[in-house]
1. So if R0 is 35 Å, what FRET efficiency would Thr7 and Ile69 give, r being the distance between their Cβ atoms, rounded to the nearest 0.05?
2. For Leu17, what is the net charge nearby, where nearby means another residue's Cβ is under 15 Å from its Cβ and Lys, Arg count +1, Asp, Glu -1?
3. Mean residue ellipticity at 222 nm from the helices of the chain, using -39,500 (n - 2.57) per DSSP H segment of n ≥ 4 over the full residue count, to the nearest 500 deg cm²/dmol?
4. Taking only the C-alpha atoms, wrap a convex hull around the chain and report its volume per residue in Å³ as a whole number.
5. Suppose a student asked you for the relative contact order of the chain, using Cα pairs under 8 Å spaced at least 6 residues apart; what percent would you report?
6. Going by alpha carbons, how many degrees (0 to 90, nearest 10) lie between the helix axis of 56-69 and the longest principal axis of the chain?
7. Tell me, in nm to one decimal, what length is gained between Ala61 and Ser22 on full extension, where the rule is 0.36 nm per residue of separation less the Cα-Cα distance?
8. Amide H to amide H under 5 Å from Ser8: which residues, 5+ apart in sequence or cross-chain, H placed 1.01 Å off N in plane?
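Nothing in this text is a laboratory measurement; each read-out follows from the coordinates by a stated rule. Just so you know, these numbers come straight off a predicted model, no measurement behind them. Quick reminder, even Gly has a Cβ in these numbers, built from the backbone with ideal geometry, and neighbours come from all protein chains shown.
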Amino acid sequence: MRTTDTTSCPLCAKPNLCAVASNPQAQDCWCQQTVIPKALIFKANQSNNSKRCICKTCATAAQKLSKEIK
């Protein structure tokens, strides 16, 4: 099932607060300044074949987990 709601996080379904998702004319967003593992983005969007930003909370948790694994 493909969803057109690009403003929600594909992991937790809460608002992702992505400026670009909310306004395609936006030039900058917090998500462009944050390192989010590409594998996580791929996996999160794989089930619904969409391209949605992960929210800051999930991105931060992924970064923390990534650092703990290393």
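1. For Thr7 and Ile69, the calculated efficiency is 0.70.
2. +1
3. Rounded to the nearest 500, the figure is -11000 deg cm²/dmol.
4. With only Cα atoms used, the chain gives 81 Å³ per residue.
5. In percent, rounded to a whole number, it is 41.
6. The two axes meet at around 20 degrees.
7. Gain in length upon complete extension: 11.7 nm.
8. Long-range HN contacts for Ser8: Asn16.
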